[in-house]
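Asker: I'd like to ask some things about the structure below.
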Amino acid sequence: MEPDLFWLKPATRWIGTWLEVYPEVESTNLVAERLAAEGAPEGTLVLADRQTAGRGRLGRSFHSPGGLGLYMSLILRPELPGSHVHQYIFVAAAALADCLRTQLPDSVPVGIKWPNDIQLAGRKTSGINLPVQLHGDRISSAVLGIGVNLNNSPDDFPPELRETATSLLIAGGSPVPRTPFAEALLLRLEDEIETLRSRGFERVLDDWQKFFRMRGARVRIGGPGTGREVEGTIEGVDSDGALLLRENGRLEKILAGDVTVLESEE
């Protein structure tokens, strides 16, 4: 393992005050969930050089080779109802997209595929998930997991991902040092979390919308969390972040699901 992650010293106020870095883990989320159950404070941060069973959204795996990406999990203890916890997915997506924008030439388009996939020139470069532990209808703890492909070359991806995945190296043409990138991302993430807590979700959604490129796209939505598969044209998102889909003349609100882009009407 390169020693760079062990030198991580983010200039954050509360994220990473308790920091654990591992050469290899099954999943940083699993480590963080265990620490949260043992009473670790909010802001505890777990990073690993490599994951053998990284997890993405909707139960998918996240390819996590050593030395190439950033894999981290942050313990949160937000004081809000469980029905609002999805707001932290938008927080993380907005912070990550903004951080990626600063690392790339202006010619590389950075976009968010609802709700949280960050895409560079239309290909996925990151994964975000948020497993939650509830006490009644309140959140006991949440673990914000973020994985970013930084220095992967095309051959570093499994064959099944080579047409859909990318990295900052592929998109921007230059390697990205992991520690400075992690420090910049953690600062941006902390700012966005504090924006949510002090100014509300509307302001976070404004930041998120700057990178939303799906209006007018014809899509199919299905998978976990959906009662049926639907097709329609995306009109935007509402004030809660739900996707607004025009289907056969009717506007439908989508709260969860896997989005497949069929075509764009823009």
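The values are calculated or read from the model by the stated rules, or taken from the named source; none is laboratory data. Please read these numbers as outputs of a predicted model, since none were measured by experiment. As a convention, Cβ positions derive from the backbone with ideal geometry for all residues, glycine included, and neighbour counts pool all protein chains shown.
Asker: Which of (1) assigned by TED's automatic domain parsing to the domain that holds PRO105; (2) out of contact with any Ser or Thr (no Cβ under 9 Å at 6 or more places or on another chain); (3) among the β-branched types (Val, Ile, Thr) does VAL204 not meet, given it meets every other one?
Answerer: Checking VAL204 against (1) assigned by TED's automatic domain parsing to the domain that holds PRO105; (2) out of contact with any Ser or Thr (no Cβ under 9 Å at 6 or more places or on another chain); (3) among the β-branched types (Val, Ile, Thr), the one that fails is (2).
Asker: Within region 165-181, can one find any residue that is more than 18 Å from TYR71 (Cα to Cα), in contact (Cβ under 8 Å) with a residue 24 or more places away in the chain, of a type in the set (S, T, N, Q) and out of contact with any His (no Cβ under 8 Å at 6 or more places or on another chain)?
Answerer: no
Asker: When you scan region 89-102, do you find a residue that is more than 14 Å from LEU186 (Cβ to Cβ), not in a helix (DSSP H, G or I) and not hydroxyl-bearing (Ser, Thr, Tyr), even just one?
Answerer: no
Asker: In region 143-161, what residues are under 21 Å from PRO175 (Cβ atoms) and in contact with a Ser or Thr (Cβ under 9 Å, 6 or more places away or on another chain)?
Answerer: Scanning region 143-161 gives ILE146, GLY147, VAL148, ASN149, LEU150, ASN151, ASN152, SER153, PRO154, ASP156, PHE157.
Asker: Which of the residues that make up region 91-112 are surrounded by fewer than 20 Cβ atoms within 10 Å (Cβ to Cβ), in contact (Cβ under 8 Å) with a residue 12 or more places away in the chain and either over 20 Å from GLU183 (Cβ atoms) or outside the structural domain of SER27 (by TED's automatic domain parsing) (or both)?
Answerer: Hits for region 91-112 are PRO105, VAL108, PRO109, GLY111.
Asker: Here is a follow-up. Quick check on my filter: what residues within region 140-166 are in contact with a Lys or Arg (Cβ under 9 Å, 6 or more places away or on another chain) and either more than 30 Å from GLY39 (Cβ to Cβ) or basic (Lys, Arg) (or both)?
Answerer: ASN149, LEU150, ASN151, PRO154, ASP155, LEU161, GLU163, THR164, ALA165, THR166, listed by residue number.
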